[in-house]
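To start, the structure itself, in structure tokens.
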Amino acid sequence: MSEGASNGHNHFSPLEARPPMEREESLFIALRAQLRSAMANSPYWAQKLSEIDIEGVYDRESLAQLPVLSKSDLVELQEKNPLFGGIAPANNDVRRVFYSPGPIVEPQPGGTDPWRMSSALFAAGMRRGDVIANCFSYHLTPAGFMFDEAASNLGCVTFPAGVGNTETLVEAFNHFTISGYVGTPDFLQIILEKAKALGNDILSVQNALVSGGPLFPAMRNWYAAQGVNIKQCYGTAELGLIAYETDAADNGMVIAENCIVEIVRPGTSDPVAPGEVGEVVVTTFDPNYPLIRFATGDLSAIQPGQSSCGRTNARLKGWMGRADQTTKVRGMFVHPHQIAKIVKTFPQMGRARLEVSEIEGKDQMTFICELPHNDDAVKEQIAQSVRAECRLRADIRIVSLDSLPNDGKVIDDRRVIGV
């Protein structure tokens, strides 16, 4: 049974309503224990923290003296030292490993609800006995397992729907009387519209928790018109849950318990002033995979004040773009080096860029490249190459040589994010 249900609270855990100073003290006690463990057991951190006074890390100011670990660092570390780049202890007991775009290998943390997603599901209205369709993928990346574990922790029944096969999903949603949905923001709309087109409307879905991409205002309004209570949460494959929306009328995402979130100036380890936009840096406490000051590459800011829902942790304004050109499309990260790899497979190709846009709340990708000739056969080869490298479909637009700007831009994310 969930902590919220068992303790009579409106939150998953009473910890969500504890005094902020009590939370801060608890987090830094856990941090020092994590630092001690990392120093003793992780080759990477033993080297990185060798000149740090661990017992002197007791507040945000002293935390800022620790080095930042970036997502690109993980890629390089794992290339040199598989599986986990020397970050995990040598005696690490790993249950599952995942292979995310980058490529980056992530281990499954230990324990119940290891990615800490239960509080986000609870805030989105999921309760014991609900039948939830989990429309995140269960292969390669950990998203499907993240929410599966959390739903089980809440006492929900999970239908592992995955992605694709929309006609079958329409039948299954009605057969199981699905009441809750977790997945990317646009896929539930695709399912509901397919059901309507088939004359087999789905009327049972009441609550939805979405992630893997921004929930655009147009799409939020569309779901509201369908009577679906939709919330979004923010997390990563490496860290698990970072922040989540609640029923509060005020905006922002409440930061999850049991992690430390900072906002730093992109490319540095320096915290920005309160309210200023910067890169999200997160510290978690899994001893088997210590991620300390992990720079996500995402931009956000701390929203002033506390949520009116009664949860006392700080709030993020939400996802506000990327600190670098890496972006997230339909729940998958796309990196500049992936675009460069595609270009190298076509010797006649000049400059190229991936343009990401949004139409009626749905992500669109267009791969624009310079070639001497607009050839349909080559266009199809490029489309296959993009899909193989990025695991996403894209429209292909061929332009003449030297027609793209010489501005160094590889990924052009043109989506307008509502803040």
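Inside region 350-376, residues that are polar (S, T, N, Q) and more than 30 Å from E193 (Cβ to Cβ) make up a count of 1. In region 153-211, counting only strands (runs of 3 or more DSSP E) that sit wholly within it, the ones holding 2 or more residues that are surrounded by 24 or more Cβ atoms within 10 Å (Cβ to Cβ) and not hydrophobic (A, V, I, L, M, F, W, C) span 180-183.
Restricting I339, I368 to residues that are open to solvent by less than 20 Å² (accessible area, probe 1.4 Å) and assigned to a helix (DSSP H, G or I) narrows the list to I339. Going by the structure shown, is E238 part of a strand (DSSP E or B), open to solvent by 10 Å² or more (accessible area, probe 1.4 Å) and either within 30 Å of P82 (Cα to Cα) or of a type in the set (D, E, K, R) (or both)? The answer is no for E238.
For beta carbons closer than 8 Å, sequence separation of 6+ or different chains, a first residue in region 49-71 that is more than 27 Å from D324 (Cβ to Cβ) and a second that is part of a loop (DSSP other than H, G, I, E, B), the qualifying pairs are V57/Q65; V57/L66. Only one of the numbered conditions (1) closer than 26 Å to K48 by Cα; (2) at pLDDT below 95; (3) surrounded by fewer than 22 Cβ atoms within 10 Å (Cβ to Cβ); (4) not hydrophobic (A, V, I, L, M, F, W, C) is violated by T296, and that is (3). Between R387, R397, R393, the distinction of being open to solvent by 60 Å² or more (accessible area, probe 1.4 Å), part of a strand (DSSP E or B) and modelled with pLDDT of 85 or more belongs to R397 only. Picking from residues in region 23-42 that are of a type in the set (G, A, S) and part of a helix (DSSP H, G or I), the one that is nearest to T284 (Cα to Cα) is A30.
If you go through region 373-384 and keep only what is charged (D, E, K, R) and either in contact with a strand residue (DSSP E or B) (Cβ under 9 Å, 6 or more places away or on another chain) or outside any helix (DSSP H, G or I) (or both), you end up with D375, K379, E380. State which residue is least open to solvent (accessible area, probe 1.4 Å) when the search covers only region 43-95 and only residues that are in a loop (DSSP other than H, G, I, E, B) and polar (S, T, N, Q). Restricting to residues being in a loop (DSSP other than H, G, I, E, B) and polar (S, T, N, Q), the top hit is N92.
Among the residues making up region 241-265, those that are in a loop (DSSP other than H, G, I, E, B), buried (at least 19 other Cβ atoms within 10 Å of the Cβ) and not charged (D, E, K, R) are T246, G252, A256, C259. Consider T268 carefully, then state whether it is in contact with a Lys or Arg (Cβ under 9 Å, 6 or more places away or on another chain) and part of a loop (DSSP other than H, G, I, E, B). No, not satisfied. Candidates V57, V105: the one that is modelled with pLDDT of 95 or more and touching a helix residue (DSSP H, G or I) at 6+ places or on another chain (Cβ under 8 Å) is V57.
Checking each residue in region 39-48 for being farther than 24 Å from G267 by Cα and either among the hydrophobic types (A, V, I, L, M, F, W, C) or without any contact (Cβ under 8 Å) to a residue 40 or more places away in the chain (or both) picks out M39, A40.
Taking residues in region 77-102 that are in contact (Cβ under 8 Å) with a residue 60 or more places away in the chain, and partners anywhere that are of a type in the set (A, V, I, L, M) and surrounded by 15 or more Cβ atoms within 10 Å (Cβ to Cβ), the pairs with Cβ atoms closer than 6 Å and at least 6 places apart or on different chains are S100/A237; P101/M332; G102/V75. Can you pull out the residues in region 347-365 that are under 32 Å from the mean Cα position of the chain (by Cα), free of Cβ contacts under 8 Å to residues at least 60 places away in the same chain and surrounded by fewer than 18 Cβ atoms within 10 Å (Cβ to Cβ)? Within region 347-365, E355, S357, I359, Q364 meet the criteria. Could you tell me which residue of region 205-220 is farthest from G144 (Cα to Cα), considering only residues that are modelled with pLDDT under 95 and of a type outside the set (G, A, S)? Checking each candidate, the answer is P217.
When region 316-330 is filtered for residues that are open to solvent by less than 30 Å² (accessible area, probe 1.4 Å), in a loop (DSSP other than H, G, I, E, B) and either among the polar types (S, T, N, Q) or at pLDDT below 85 (or both), the ones remaining, listed by number, are G321, T326. The single condition among (1) farther than 30 Å from M365 by Cβ; (2) open to solvent by less than 40 Å² (accessible area, probe 1.4 Å); (3) of a type in the set (S, T, N, Q); (4) out of contact with any Pro (no Cβ under 8 Å at 6 or more places or on another chain) that N313 does not meet is (4).
The values are calculated or read from the model by the stated rules, or taken from the named source; none is laboratory data. Computed from a prediction, not measured in an experiment: that's the story for all the values here. Here the Cβ is made from the backbone with ideal geometry for all residues, glycine too, and neighbour counts use every protein chain on show. These accessible areas exclude ligands, DNA and RNA; they are computed on the full protein's heavy atoms, side chains included. Shrake-Rupley method; radii C 1.70, N 1.55, O 1.52, S 1.80 Å.
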